[in-house]
Amino acid sequence: MSYQIHQLTEEKVKDLVPLYENAFGKKITERAFQQKLDTNFAGISRVGYTAYDLNGDAVAFYGVFPCMAHYKDQTYLVAQSGDTMTHTAHQGKGLFTMLAQKTYDLCKEQGIHLVFGFPNNNSYPGFVQKLNWIHFDTIEAYALRVKTLSFYRMHQWFNWSEDTFYKRGHHILSNCKKGQPFPSSCKQDGVPVIDHSSDFFNYKTYEKNYLIEVAGLNCWVKFNSEYLLVGDMQMAEEREWDRTLDHLKKLAAKMFIPHLRFQGSTNTPLANYFQKIGQKLEATHAIGGINFSNIIPLEKMKFTAADNDTF
């Protein structure tokens, strides 16, 4: 079968909505997709290519989300690979590799220095074997137990709906003291990190997350029925982190969430801290990427959960 290949534009984003639902089995609105792909804060938006079948339906897409990396007191344009998808009826036809290579050519033209990502077990072989990605680190996750009734119990005993749970959680976090943008907790000498500028925080509002001040420290969180997810926390002494986590546990308990969760690159200040106080979870993700300019040492990059496009 032959395909038509088109560079992504604002007008063509709507074509990706049914493809997304087929590939991932969940719904997304065009507005949400537009917000996610609108990375103008980094100077460039909608970087990717779509394959269309002869009926004019989008059947595969590869794209990246540009952002800025901070390294040695300078910022550089980089991008995260995300929302790679192929319609179930068109898999195994080489569309993933072809669209990725075209996207990487576009990245080079636009001055993007590297592409990084967190491939799952299904996509990992394609990135490493077909796109020459290097696997340079691993996302590890840690959980802390919270003494509270869980949403599961509230649903079982009092017939709480998910809608009630999420509305209540949103109300609680929205009424916390608003936090201020802060640098990545991974930031250390010689370590490239994602630049957590005010523009980056504003861009990330396409997901429902919360920048709050807790016990004097800025925290970036989101939640589901199992976890209050700590995307990142302001750098501080461990005793200050201890105090902030005590308050986060109280927030989680009030929201009927039974765990705190942190995940990120290995050997970062927060990862080492949570390793001491939390339970390591089995869930892991590879961290990999491809370097176009070699100006930034890709293999030294470090991330927290907040850097992922799904946070």
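I'm trying to understand the selection: among the residues of region 22-44, which are in contact with a helix residue (DSSP H, G or I) (Cβ under 7 Å, 6 or more places away or on another chain) and part of a helix (DSSP H, G or I)?
If we filter region 22-44 for residues that are in contact with a helix residue (DSSP H, G or I) (Cβ under 7 Å, 6 or more places away or on another chain), which is where we start, we get 22, 27-28, 30, 32-37, 39, 41.
Selection gives N22, E30, A32, F33, Q34, Q35, K36, L37, F41.
Scan region 185-202 and tell me whether some residue there is basic (K, R), surrounded by fewer than 18 Cβ atoms within 10 Å (Cβ to Cβ) and either within 16 Å of K302 (Cα to Cα) or without any contact (Cβ under 8 Å) to a residue 60 or more places away in the chain (or both).
Our first condition is that a residue be basic (K, R); within region 185-202, this holds for 187.
Filter again for surrounded by fewer than 18 Cβ atoms within 10 Å (Cβ to Cβ), leaving none.
Taking every residue of region 185-202 in turn, none turns out to be basic (K, R), surrounded by fewer than 18 Cβ atoms within 10 Å (Cβ to Cβ) and either within 16 Å of K302 (Cα to Cα) or without any contact (Cβ under 8 Å) to a residue 60 or more places away in the chain (or both).
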Counting only residues that are in a loop (DSSP other than H, G, I, E, B) and surrounded by 13 or more Cβ atoms within 10 Å (Cβ to Cβ), which one in region 119-148 is modelled with the lowest pLDDT? S123
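For region 101-124, give me each residue that is of a type outside the set (G, A, S) and under 17 Å from the mean Cα position of the chain (by Cα).
Start the filter on region 101-124 by keeping residues that are of a type outside the set (G, A, S), which leaves 101-110, 112-116, 118-122, 124.
Selection gives L114, V115, F116, F118, P119, N120, N121, Y124.
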Which of the numbered conditions does T266 fail, given that it passes all the others? Conditions: (1) of a type in the set (S, T, Y); (2) more than 27 Å from N122 (Cβ to Cβ); (3) at pLDDT 95 or above. (2)
Which count do you get for residues in region 64-106 that are closer than 20 Å to S2 by Cβ and in a loop (DSSP other than H, G, I, E, B)? 5
Pair list, Cβ under 8 Å, 6 or more apart: region 26-39 residue closer than 18 Å to F200 by Cβ, other residue hydroxyl-bearing (S, T, Y) and part of a loop (DSSP other than H, G, I, E, B): L37/S45; D38/S45; T39/S45
Inside region 178-286, counting only strands (runs of 3 or more DSSP E) that do not spill past its ends, which hold 3 or more residues that are under 27 Å from S81 (Cα atoms)? 217-223, 227-233, 259-264
Being surrounded by fewer than 22 Cβ atoms within 10 Å (Cβ to Cβ) and free of Cβ contacts under 8 Å to residues at least 60 places away in the same chain is the filter; apply it to region 59-83 and report the residue that is farthest from P18 (Cα to Cα). D73
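The values are calculated or read from the model by the stated rules, or taken from the named source; none is laboratory data. All values reported here derive from a predicted model rather than from experimental measurement. Quick reminder, even Gly has a Cβ in these numbers, built from the backbone with ideal geometry, and neighbours come from all protein chains shown.
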